[in-house]
Structures are given as C-alpha cells and as structure tokens.
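Q: Here it is: the structure, laid out below.
The values are calculated or read from the model by the stated rules, or taken from the named source; none is laboratory data. Since this is a predicted model, take the numbers as computed values, not measurements. Neighbour counts are summed over all protein chains in view; Cβ atoms, including those assigned to glycine, are modelled from backbone coordinates with ideal geometry. What goes into the accessible areas is simple: the full protein's heavy atoms, side chains included, and nothing from ligands, DNA or RNA. Shrake-Rupley method; radii C 1.70, N 1.55, O 1.52, S 1.80 Å.
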Amino acid sequence: MKELRRFRYFKVAAENGSFRRAAKVLGLQESTISRAIRDLEDELGASLFHRHVGGVSLTVAGESFLQRTRIVLQQVDDVARDISAVGRCERGRINVGILSSLASGFLVELLTAFGRDHAGVRIDLSDGHPRDHVAAIRQLGLDVTFVTGTRDWEDCETEKLWSEKVFVVLPQGHEMAHTSVVEWSDLEAETFIVSDEAPGPEIRDYLTRRLADLGHYPCVQPCKLGRHNLLSLVALGHGLTVTTEATTASSVPGIVYRPIASEVLPFSAVWSPRNANPALRRLLSMARQMSNAVVS
C-alpha cells in the first residue's frame, strides 16, 4: 500500500506539473509529496522529474514510468471496484443446498426475490441429503442449505424459517382420493414408494417415525427414480408417497394430493458462522424478513 501511495503521488504530480499543485489536489503537505517521490526515485535508481522554479517536468525515465503507473493504478482501481461490488452483492455467487421442491412456496419465492434484487449474484443449487449438505457447509463448499426439521447441527448455525403442510399422494382411483383430509391411521396398511435420491431417504425415515407411533411398521419400497417419475409411478398404482405443500403445485396426470390432518413440517436454514460471503448474509436477511411477514 505504501508503494501504491507513492505511485499515486507521482501520477498526480506528473499530471499537474507541480508538487505544490499535487499536494493541493491530494489534500497533503507539499513536503510529503516531495519526500515520497524522492524515496521512490532512490528505490528506482533514476530521476523521474526535472525540478525547476515553475514546477516539475518528466524525465525520459519518468515518462516511461508514468505509462506503467497508470496501468497499475487502473488495475488496482478495477480490482477494488470488483471487490466492492461483491461486498454490496452486485456481483458474486452463492451455493445453496435444497431439499424442498422449487415448484412453489417459501423457498422459490425467496430465491426469486433474491435473484431479482441481486441480479449480478449467481445462484448455484444442489440437491442432496442433508448430512452431505451440512458436511459441505462445514467445509464452506456450500453457503447455506435448507433442511426439514429444527435440529441443531454441530459447528453450524440453524434457524427455522417456514413450515409446510404434509400431503399424501394418491392415485385418482384410490378410495381416499374422495376425502378432503387423511389421518395417519388411514395409512397404516398402505404401501409407500420413495426415491433413492434426496429427499427419498428422509421421507422413508419420516414415514417410519409417524406410523411407528401407531404401532405399525410401514412397507416402504425404494425406487431408482427422480421425484417427478415417482409421482407417475403413484398414478400407475405402485404405491403411495408423501410430499410437502410446495410440491403440490406440480400437476401430474393420474394423482391427487390430500393433506394429512394436523401434520406440518418445519424447514430451517443451516450455515457456517465462519462463512463471510456477503451474499449469504443478504439471503439470510431476506429470508428472515419473509419469515416474519408470514408469521405476522
């Protein structure tokens, strides 16, 4: 930084033809400018200015040095502007882990609003299991992940942001398709299908916990299918599945969504307290504002 100050003093003095005028432009003492340039000349081993009564003029070495100095200072200014833009969230990137569907709901509204307000920030989304996402959070490979539940994760910050109703997905011909609300006790004898991909394993654990409370261990069959194809399999009568409210915006022929009585699933953000990404702070701030608006 000391060298950069000298470069700037030299450039202003060269452009003004006077140490006195340079000092006035920079708001410094003339002696400060003169001493800094003399030190610079000593380090370079060459005189940069001819000194005379009316001011200063560049030597041959000074003219060459001025060209390079302008390039260096321009590059430094460009870098400073880029860094400042990142700090203001005008540029940058944020890596987000997701589990919930982006068909509708809180998360898609949050990411849409963030993208609108910070169009220069790239949003990279990653599907995956919460354990893998949290491991990436600790290594700063992900900036934030959104998971179900409110559990604490070691070395991470966690904050509940929103909740969604839980729905059972039924084929149109199923007898419960004609009811408005389904009870867990209605599902005891049903066969469920879940994806091997996230959030399938979490859904399987969720089903097991809920139905085990009724004294019944559910029949849950894993499938090597993504979320959308899994819903098509439900339509074909291969079993039921459960999903959250956001996913119900997806229209798939042959299925219906029915809410499970009084079943609500909380969603939380998880991030590392060591993460200094300005875009993360902006996203979390926006998420809190949206969450508070929903509560109020």
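Q: What spacing in nm lies between the two simple spin-label points modelled at D42 and R131, each 7 Å away from Cα in the Cβ direction?
A: Once both label points are built, they end up 6.5 nm from each other.
Q: Let me ask another. Just to confirm, what accessible area per residue do you get for the chain at 1.4 Å probe, in whole Å²?
A: Working: 15690 Å² over 296 residues.
About 53 Å² of surface per residue is accessible.
Q: Going by the alpha-carbon gyration tensor, a ≥ b ≥ c the square roots of its eigenvalues, is segment 101-141 rounded (a/c under 1.5) or, if a/c is not under 1.5, prolate (a/b greater than b/c) versus oblate?
A: Values: a/c = 3.13, a/b = 1.50, b/c = 2.08.
It comes out oblate by the Cα gyration axes.
Q: Provide the percentage of antiparallel DSSP beta bridges, counting only those with both residues in segment 149-281; round to the nearest 5.
A: Counting DSSP beta bridges with both partners in segment 149-281, the antiparallel share is about 70 percent.
Q: Here is a further query. Hey, rough spin-label estimate for L26 and S250, points 7 angstrom out along Cα→Cβ, what's it come to in nanometres?
A: Modelled inter-label distance: 6.3 nm.
Q: Evaluate the relative contact order of the chain (contact order divided by residue number), counting alpha-carbon pairs under 8 angstrom at least 6 apart; express in whole percent. Show your work: numbers first, answer last.
A: Numbers: 472 pairs, mean separation 63.8, N = 296.
Value for the chain: 22 percent.
Q: Tell me, what % of the accessible area of segment 1-149 is carbon and sulfur with a 1.4 angstrom probe? Mind showing how you got there, number by number?
A: On the way: 4120 of 8120 Å².
So the carbon and sulfur contribution to the accessible surface is 51 percent.
Q: In the chain, what percentage of the DSSP-assigned beta bridges are antiparallel, given to the nearest 5?
A: DSSP beta bridges in the chain are roughly 60 percent antiparallel.
Q: Got a number for carbon plus sulfur as a percent of segment 215-296's accessible area, 1.4 Å probe?
A: Working: 2270 of 4090 Å².
With neighbouring chains kept in place, the figure for segment 215-296 is 56 percent.
Q: Hey, which aspartates and glutamates would be in cross-link range of K165, C-alpha to C-alpha under 12 Å, not counting anything within fewer than 8 residues on its own chain?
A: E245, E263
Q: Between segment 156-197 and segment 230-251, what is the separation of their alpha carbon centroids in Å?
A: 9
Q: While we're here: Pull up the cross-link candidates among the aspartates and glutamates for K11, meaning alpha carbon to alpha carbon under 18 Å and not fewer than 8 places away within one chain.
A: Excluding near neighbours in sequence, the set is E3, E30, D39, E41, D42, E43, E63, D77, D78.
Q: With the contact rule set at Cα under 8 Å and sequence spacing of 6 or more, what percent relative contact order holds for segment 48-172? Mind showing how you got there, number by number?
A: On the way: 111 pairs, mean separation 26.0, N = 125.
With pairs under 8 Å counted, the relative contact order is 21 percent.
Q: How many nm is it between the label spots at H178 and A80, if each spot is 7 Å from the Cα in line with the beta carbon?
A: Going by the 7 Å Cα→Cβ label model, 7.6 nm.
Q: Consider the candidate values [x] 82, 47, 30; [y] 67, 44, 31; [z] 102, 32, 31; state which one is Cα extents along the principal axes in Å computed from the structure displayed.
A: From the options [x] 82, 47, 30; [y] 67, 44, 31; [z] 102, 32, 31, the structure gives [z].
Q: If I stretch the segment between R151 and I71 completely, what's the gain in nm (0.36 nm per residue apart, minus their alpha carbon distance), one decimal? Write down the numbers at each step before the final one.
A: On the way: separation 80, 0.36 × 80 = 28.80 nm, distance 5.32 nm.
Length gained, R151 through I71: 23.5 nm.
Q: Quick one: compute the contact order of segment 1-81, relative version, from alpha carbon pairs under 8 angstrom and 6+ residues apart, as a percent.
A: On the way: 70 pairs, mean separation 23.8, N = 81.
RCO, segment 1-81: 29 percent.
Q: Which FRET efficiency, nearest 0.05, do E15 and Q139 yield, Cβ-Cβ r, R0 51 Å? Could the numbers behind the result be given before it?
A: Details: r = 49 Å, r/R0 = 0.95.
Efficiency at R0 = 51 Å is approximately 0.55.
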